[in-house]
Amino acid sequence: MTTGRDTATGADTGTYEVLRGRLAARAGELARGAEALNAARIAAFGSAGVALAGSGHLRTEDARTAADLVAVGDRLLFGYRGTAPRGDGTSVRDVLALYDRNLEPLPEDAVPGLLDDPSFRREFDELHRYYHGARLQRLRMVDDTLLAVFRTGEQAEDIRVLRWRAGPAGTVRFLDGRGERDHVFPAAHDVRWREVTRDDHVPGRHPHAAVDGRLYVSTVGGALSIRTEDDTETGAGLVHREPVDESLQSLADAEIAYAVVGPLTLLRVLPYKEETRRHLVFNAVTGTVVRLDGIGLSCRRLPDDGGVVFPGGYCLADGTVRTFDTDTAGLEFDHSVASPNGEDVLFVFQERAGNRRLLLPYSLIRQEVSAPLPCDGLARFEDGTLVVLRPGDGRAARSHAVQEWSSPFTSDTHGGSAAEGPLARIGNPDLVRAVADTTAVARRAAAAGETDASAATPALYESLLADCVRAGDRFPWLAELADAAPGAVDLHAALAAVRATAEQMLAEFEAVRALTAQAADALAEAGRTVAGLLRRIRGEAPAGAEEWIARIAELRRAQGHLVTLTGMRYADTGAVEALAAEVASAVGSTAERAMAFLRRADAFDGCAAEARRLADAAEAVTTAAEAEPLRREVEGRVLGLQELTEVASGLETGDPAGRAAVLERIGEVLGALNQARARLETRRRELLHEESAAEFAAEFALLGQLATGALAAAGTPGECDAQLARLLVQWENLEARFAGNEEFTARLAEKRAEVQDAFSARRQTLRDAAARRAESLAASAQRVLETVVRRACTLADDDAVNTYFSSDPVVAGVRRSAERLRALGDPVRAEELTGRLAAARQEAGRALRDRAELYADGGGTVRLGRHRFAVVRETAELTLVPYGDGMAFALTGTDYRRPVADPGFAESRPYWDRVLPSESAKVYRAEYLAARLLSAHGPDALAAAGDGLDALVRRAAEEAYDEGYERGVHDHDAAAVLRVLLRLRREAGLLRHPARERAAAALFWAHGLGGGERDALGRRAVSLGRARDLFGAAPALGALQDEVARAIEGFGAG
């Protein structure tokens, strides 16, 4: 499949591709480091592989059939079968013989206690005496016990086992002939098979059996299918499918079992009516399934769950699968041998009832079986030499071919090469495991870097991350090893780099998978759309030119959409191109059909009628909004006719005249549509001018109101700038909307200049006010600061100074003034106040130290040696003080006194003992306050105060602080006096006026006026009083008072 990513240029390369390249580079670096470490390990400890060292033949006196061979110390015990040449029975040399390492025959007593032991010979003779058909089947070395297995009957269980005990120094001692219990075999499988039950079945349209929660197996529908998604409706997630013999079977008819080895899931399936079980392996890392029936014979885990090995092949966790073309029928696991350095493991598979063997030497570092070694017998010496009996044809012979192989599978007692340096402290086995793990990580990282996104799975990167973490945890000494060998590749850092890149790829893979799914969905949707469109176009016959135009337009849009899909990342460009070719073919065929229709004389009648309808509708439009749908309709019809013109012009046809006629009719319809469009555009411009004028008037008025509100809301120069900026944005929007009308833009420009001038004036006013406020604050703070300095210099100790400057309200007021100055934009004065306050604190400290050094008596005297001088702290002032019977001038702080001799000053003697201006020997302070309030406010206002009289008196007393009023005493007494006075005035009526004035008024009213004048004056006074009550103060009432006053004066003078 070709995707959009495969054809992307370097500029279009996505993050996933970059990370793939980076991971491949990191994997190469890690692989080079592992190779270097392995080379250093080999140089220090050495290394040996399985290699052919030579070949030869074991020769017998008579023709024999080779049975088996085994190493006993440094000798080779060869077993064979055949008929004894003499009639006196079977002897030991007819079955067993000893050879040296050079394959030369040795006498029976060459290994004492083996073939020459009397007990052995007695058991041997009895065996062949009682079982005439007894034959040697196998020679085995089980731990330190040598077993000779003889077949005594037709059944596999008919055996007798002779056994010897092999000593560490090569000595052998015969035990007995009852070794059947020692002759046991290991399990053919070391994995645990779990049967799938009916509880694991999931019904549906596609029923399946759930396996370990990550696989879903089904044998219905004529096929064995394996899926990775639990979807019984659509059957999605299929990864493997193969036919079964019986198609009509249910899920319950099949036998399914599974086993888990690391990321591998082994499946054992027996479909209905089949004799052979099928064995399959699912790899969660690669998401693939492979069929390996050899697992059914025998299966063993590889070290660290790196995979499984079975007769004839192996399957690794990284997805590597290899099988060998060799006969594996009947082979089962016999035993395994690990090399002391941990680098190699030899797996031996053998027939249970025969001699055929298969040797599979597995390398942990290379993670491979170099080559399978089939044989009919195996002898392993302590130095690792393997002597194998080559497979024969089963016929008796005097010469039996053997091969000698060198191998690393030495015994534990066989000494290895000694090493020195940092590698010796670690040890060869740990180094082997480290090289194996890092090499495996490098191999998996390289494979992940080469894996396409469509084939990758999250398990691939999760497994790689787990391997990196495990390798780093198992071998923490890798970093120390890099420090001990300067210039070597730091495997610890290389592992960390691979891990970090894998984490990034895992995170990016989710995005890639989402993009891939999105591209696949888009392609599927496009395929469905194109299929439906082609089916509809091929099955329908349009009735008019407009319908043909619509069909061609749909096909062209489909072509454009497919071009868009071609550029989509991770899209299948091959499938897109196939769809595009199909649509292009449909465009050509549809165009030919359309031309055949358009040659008819009435083909464009409908288009002409639509053009006339659109022209009439353009004249009837009443708003600009109504014109927009008509404009789109006209444009759409014009575009359709243009497409039809392009199709007609580019179509190869044998009728030029017919094509010319079609193009001429299309031109006529286009002309009619152009007329309709011109009428519509003219009408739309007229309506837009009318509507825009009304809209502009409303917007312009709103803009003026917004400007007024913004000016009122701007309380600082900064707010002025912010409000103006917001208004200018709206101005820009209006200018953009009405850019086509010069009159509107000119009015907007004029209004903009006016508003900017207003904001400039407002900004300057605010700045002036802030400057005046700052000046006032600074002056007030300076005065307060002087008080602070004087007060601080009088404090008694450091605690008092610190308390004063930290908590005194006056000092806090200075700090607040500094903060206000900063808020007003005058940081210079604010810093000056702060600095002066700090200087005052320092000055207070210095003054305190000076007083402690120079002053005595609590600061009342100054010490100068043994002399003391009194200290006067007050500023000297000239004042008047009582002096004898008179007054004298005095200078404070001194004894200066001078009597006042001015005679005029003597007249003020009554006031010399007055302490307050509001109180004398005859007038109480509260009485003075009540009289002052009565004079200042008048009785009517005080009477109207009601319950608020106490508050009024209190405020007056607080404001006259120089008159010596005490709150709660004098204000209370003054209020009581006022209440009595107001009550008397209210109850006295006319008696509140002086008696002389009341007598003069009575005389005038009784004798100074006639009866008619008295009535007229009374009516006027009553009417003016009512007018005053209704409308407030009346000027005519004052004129009446003046008139009556003059009349009374004239009456009194007469």
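The values are calculated or read from the model by the stated rules, or taken from the named source; none is laboratory data. What you see is a predicted model; the values in this text were computed from it and never measured. Every residue, glycine among them, receives a Cβ derived from its backbone with ideal geometry; neighbour counts consider all protein chains shown.
I'd like the full set of residues that are of a type in the set (Ser, Thr, Tyr), under 39 Å from the mean Cα position of the chain (by Cα) and within 17 Å of residue 207 (Cβ to Cβ), limited to region 234-274.
Listed by number, the list holds a single entry, 234.
In region 565-591, which residues are among the acidic types (Asp, Glu) and either surrounded by fewer than 18 Cβ atoms within 10 Å (Cβ to Cβ) or over 13 Å from residue 527 (Cα atoms) (or both)?
Of everything in region 565-591, those that are among the acidic types (Asp, Glu) and either surrounded by fewer than 18 Cβ atoms within 10 Å (Cβ to Cβ) or over 13 Å from residue 527 (Cα atoms) (or both) turn out to be 577, 582.
Filter region 263-298 down to the residues that are buried (at least 19 other Cβ atoms within 10 Å of the Cβ), small (Gly, Ala, Ser) and touching a helix residue (DSSP H, G or I) at 6+ places or on another chain (Cβ under 9 Å) and list them by number.
284
Somewhere in region 911-919, is a residue part of a helix (DSSP H, G or I), farther than 30 Å from residue 970 by Cα and modelled with pLDDT under 80?
no
Going residue by residue through region 936-959, is there one that turns out to be farther than 30 Å from residue 992 by Cβ, part of a helix (DSSP H, G or I) and either out of contact with any His (no Cβ under 7 Å at 6 or more places or on another chain) or not aromatic (Phe, Trp, Tyr) (or both)?
Looking through region 936-959, at least one residue is farther than 30 Å from residue 992 by Cβ, part of a helix (DSSP H, G or I) and either out of contact with any His (no Cβ under 7 Å at 6 or more places or on another chain) or not aromatic (Phe, Trp, Tyr) (or both).
Among the listed residues 776, 780, identify the single one that is farther than 23 Å from residue 710 by Cα, in contact (Cβ under 8 Å) with a residue 24 or more places away in the chain and not aliphatic (A, V, I, L, M).
None of the other options fit; the residue is 780.
Which of (1) of a type outside the set (A, V, I, L, M); (2) in contact (Cβ under 8 Å) with a residue 24 or more places away in the chain; (3) touching a strand residue (DSSP E or B) at 6+ places or on another chain (Cβ under 9 Å) does residue 225 not meet, given it meets every other one?
So the condition that residue 225 fails would be (2).
What's the number of the condition residue 183 fails, among (1) crowded, with 17+ Cβ neighbours inside 10 Å; (2) closer than 29 Å to residue 286 by Cβ?
(2)
Which one of these is surrounded by 14 or more Cβ atoms within 10 Å (Cβ to Cβ), touching a helix residue (DSSP H, G or I) at 6+ places or on another chain (Cβ under 8 Å), more than 30 Å from residue 821 (Cβ to Cβ) and not small (Gly, Ala, Ser): 706, 724?
That would be 706, the only listed residue that is surrounded by 14 or more Cβ atoms within 10 Å (Cβ to Cβ), touching a helix residue (DSSP H, G or I) at 6+ places or on another chain (Cβ under 8 Å), more than 30 Å from residue 821 (Cβ to Cβ) and not small (Gly, Ala, Ser).
Could you say which residue among 82, 73, 54 is at pLDDT 90 or above and of a type outside the set (Ser, Thr, Tyr)?
Within the list 82, 73, 54, the selection yields 54.
Read through the list (1) closer than 24 Å to residue 282 by Cβ; (2) out of contact with any Lys or Arg (no Cβ under 8 Å at 6 or more places or on another chain); (3) of a type outside the set (Gly, Ala, Ser), then give the number of the only condition that residue 341 fails.
Condition (1) is where residue 341 drops out.
Looking only at region 311-345, count every residue that is in contact (Cβ under 8 Å) with a residue 60 or more places away in the chain, in a strand (DSSP E or B) and small (Gly, Ala, Ser) and tell me the total.
Total satisfying the criteria: 1.
Counting just the residues of region 960-998 that are in a helix (DSSP H, G or I) and acidic (Asp, Glu), which one comes out farthest from residue 938 (Cα to Cα)?
962
Is region 357-371 home to any residue that is touching a Cys at 6+ places or on another chain (Cβ under 9 Å) and touching a residue at least 60 places away in the same chain (Cβ under 8 Å)?
For region 357-371, residues touching a Cys at 6+ places or on another chain (Cβ under 9 Å) and touching a residue at least 60 places away in the same chain (Cβ under 8 Å): absent.
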